[in-house]
Amino acid sequence: MFIAACVIFVLGYVLITLEHQSKINKSITATALAAVLWGLIAVTGTAPAATEMHYDDLHGTTEVAEHGGADAGHGSLVENTLHVLSAETFSLVVFLLAAMALVEVLVHYRFFDLLRARLFALGLTDRGQLILVSTIAFFLSAVIDNLTTTIVMVQIARRFFKGRNLLIASGSIVVAANAGGAFSPVGDVTTIMLWLAGKFTALEIITWGFLPALAILIVSTFLFQRQIKGDTTDERPETYETVTLSKSEKVVIGATFASFALPPLAHLVGLPPFMGLLFGVGAVGLLIGFFANTRTSSESHLSMEIEKLMGKLDITSLLFFIGILFAVGALGYLGVLAMVSTALFGAEPTVGQLVFGSILLGAFSAVFDNIPLTAAAIDIMQTTDFRLWVLLAICVGTGGSMLVIGSAAGVVAMGMVKELSFSKFLRIATTPAAV
């Protein structure tokens, strides 16, 4: 089953990369892949690898097996593992869904049109614009996380770039956002996991992680801007000169941006980060409803139907995200990820092995999701040196940038920019990200 699962995953992975040739939507492939892997685990009665039996949620399953037999124990293990995986996936998907909704509010209120006009007034070429949006993405992701940052900055980039230059800008944003999230305790799921596990403090990850992350931004942006060809024709600024906002509309836009700062605050009070965004969506919705009912007869964008707003969200990207997480979760259940980590670090690793293993683990995160890889590394890396854990956070948090499906930011960008296929991202972004 171990070998069969690896073969099935690779075949599904290949089919995802050949989406444009096969005409099969990657979301369908990912969800089918997850269903097939977990279905085989259930049907064959495959037990989880011993090294993966560290979930608190699985405690008590031995007692079930003693009273209900081996089948009952296996069924309980699979069910409880899926419950754990579902909870983790649910929080990420809800976070992403809420972030998408808030971005759609900004789109509806023409904020990006106004921002586009203001930035256009700077007179920057595509190369200058690339440096600007990448730098903003880097610092913004440390505060509002790399997922939300990618959504916001790609939306802005679509107003600046066209054609291949848009693909280059999207790739640069993905790398910059992942790098910015890697030096912040709340900028990426990986750093949150390590932070909550007590591997480093918030000050340690910021102090020791900032310069390496900044180096990633500078080097990758330099390589990306060298690929820019010419200056693509932007939409004329005259299109936006007549766009003016009322005080009520400015309040809604301000509340929407304030909502992106709520996830860190929710985390500080002991709530999952997505609760902060959900609160923001609710508060913004109430503001819109209040102002819409009290507005004058003058033209306004305050009228917004929630059904139309939700209809604009890219649900297929969410399905792809869910499918990939569950498929990788099946590999974790079978011990594939633990085997990879053990092979990298060894039974009794030296400092050199931990450094080299962290780098290789970062490369693996371009193929496998960094969440289960980090979870396995937490159990396997036996070191109390926080600097090594910071290194792991940097490597795993940014290694996924080398492939478009290697990070949540890449998946989101691929969903927002339809032309950003696996192969195009490989040609444009893999080298800058790896360097």
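The values are calculated or read from the model by the stated rules, or taken from the named source; none is laboratory data. The shown structure was predicted, so the numbers you read here are calculated from the model rather than taken from an experiment. Glycine gets a Cβ as well: all are built from the backbone with ideal geometry, and neighbour counts include every protein chain shown.
Quick notes on this one:
- Restricting the range 150-165 to residues that are of a type in the set (Lys, Arg) and part of a helix (DSSP H, G or I) leaves a set whose member that is nearest to GLY181 (Cα to Cα) is ARG158.
- Of VAL390, VAL411, all but one fail to be part of a helix (DSSP H, G or I) and more than 15 Å from ALA366 (Cα to Cα); the exception is VAL390.
- Restricting ALA87, ALA101 to residues that are aliphatic (A, V, I, L, M), assigned to a helix (DSSP H, G or I) and surrounded by fewer than 20 Cβ atoms within 10 Å (Cβ to Cβ) narrows the list to ALA87.
Residue-wise test of (1) in contact (Cβ under 8 Å) with a residue 60 or more places away in the chain; (2) out of contact with any Asp or Glu (no Cβ under 8 Å at 6 or more places or on another chain); (3) more than 28 Å from VAL103 (Cβ to Cβ); (4) of a type outside the set (A, V, I, L, M).
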residue	(1), (2), (3), (4)
PHE320	yes, yes, no, yes
ILE324	yes, no, no, no
ALA327	yes, yes, no, no
GLY332	yes, no, yes, yes
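- Scanning the range 87-133 for residues being in contact with a Gly (Cβ under 8 Å, 6 or more places away or on another chain), within 27 Å of VAL251 (Cβ to Cβ) and charged (D, E, K, R) gives a total of 0.
- Note on the range 388-416: residues that are more than 20 Å from GLY187 (Cα to Cα) and more than 15 Å from the chain's Cα centre (by Cα) total 0.
- Summed over the range 160-186, residues that are modelled with pLDDT under 85 and either among the β-branched types (Val, Ile, Thr) or under 17 Å from PHE257 (Cβ atoms) (or both) total 1.
- Only one of the numbered conditions (1) part of a helix (DSSP H, G or I); (2) among the aliphatic types (A, V, I, L, M); (3) closer than 30 Å to SER317 by Cβ is violated by LEU420, and that is (1).
- Of all the numbered requirements in (1) modelled with pLDDT of 85 or more; (2) in a loop (DSSP other than H, G, I, E, B); (3) surrounded by fewer than 24 Cβ atoms within 10 Å (Cβ to Cβ), VAL404 misses one, and that requirement is (3).
- The C-beta contact set for the range 215-238 (first residue modelled with pLDDT under 85, second residue acidic (Asp, Glu), distance under 7 angstrom, 6+ apart or interchain) comprises ASP231/ASP126; THR232/ASP126.
- Selection from the range 399-435 of residues that are of a type in the set (Val, Ile, Thr) and touching an Asp or Glu at 6+ places or on another chain (Cβ under 9 Å): VAL412
- The single condition among (1) more than 30 Å from LEU287 (Cβ to Cβ); (2) of a type in the set (A, V, I, L, M); (3) modelled with pLDDT of 80 or more that LEU58 does not satisfy is (3).
- In the range 339-356, the residues that are assigned to a loop (DSSP other than H, G, I, E, B) and under 29 Å from ILE3 (Cβ atoms): GLY346, ALA347, GLU348, PRO349
- Taken over the range 407-435, residues that are within 22 Å of ILE218 (Cβ to Cβ), of a type in the set (A, V, I, L, M) and crowded, with 23+ Cβ neighbours inside 10 Å amount to 4.
- The residue of the range 118-142 that is farthest from VAL219 (Cα to Cα), among those that are surrounded by fewer than 22 Cβ atoms within 10 Å (Cβ to Cβ) and in contact with a Ser or Thr (Cβ under 8 Å, 6 or more places away or on another chain), is ASP126.
- Test: residue in the range 158-174 that is farther than 13 Å from ALA413 by Cβ, hydroxyl-bearing (Ser, Thr, Tyr) and in contact with a Ser or Thr (Cβ under 7 Å, 6 or more places away or on another chain): no
- Among the residues of the range 343-387, the one identified as under 25 Å from the mean Cα position of the chain (by Cα), modelled with pLDDT of 75 or more and of a type in the set (D, E, K, R) is ARG387.
- Only one entry of ALA137, ALA177, ALA182 meets the criterion of being in contact with a Cys (Cβ under 9 Å, 6 or more places away or on another chain), under 18 Å from PRO212 (Cα atoms) and in contact (Cβ under 8 Å) with a residue 12 or more places away in the chain, and that entry is ALA182.
- Near pairs, Cβ below 9 angstrom, 6+ apart or cross-chain, from the range 248-270 (touching a residue at least 40 places away in the same chain (Cβ under 8 Å) and farther than 23 Å from ALA137 by Cα) to any residue that is surrounded by fewer than 14 Cβ atoms within 10 Å (Cβ to Cβ) and among the polar types (S, T, N, Q): SER248/THR294
Yes or no, residue by residue, for (1) assigned to a helix (DSSP H, G or I); (2) surrounded by fewer than 15 Cβ atoms within 10 Å (Cβ to Cβ); (3) at pLDDT 75 or above:
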{"site": "PRO264", "(1), (2), (3)": "yes, no, no"}
{"site": "GLY276", "(1), (2), (3)": "yes, no, yes"}
{"site": "GLY282", "(1), (2), (3)": "yes, yes, yes"}
{"site": "LEU287", "(1), (2), (3)": "yes, no, yes"}
{"site": "LEU302", "(1), (2), (3)": "no, no, no"}
{"site": "LYS308", "(1), (2), (3)": "yes, yes, no"}
{"site": "SER317", "(1), (2), (3)": "yes, no, no"}
{"site": "PHE320", "(1), (2), (3)": "yes, no, yes"}
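- Test: residue in the range 117-133 that is out of contact with any strand residue (DSSP E or B) (no Cβ under 9 Å at 6 or more places or on another chain) and under 19 Å from ALA258 (Cα atoms): no
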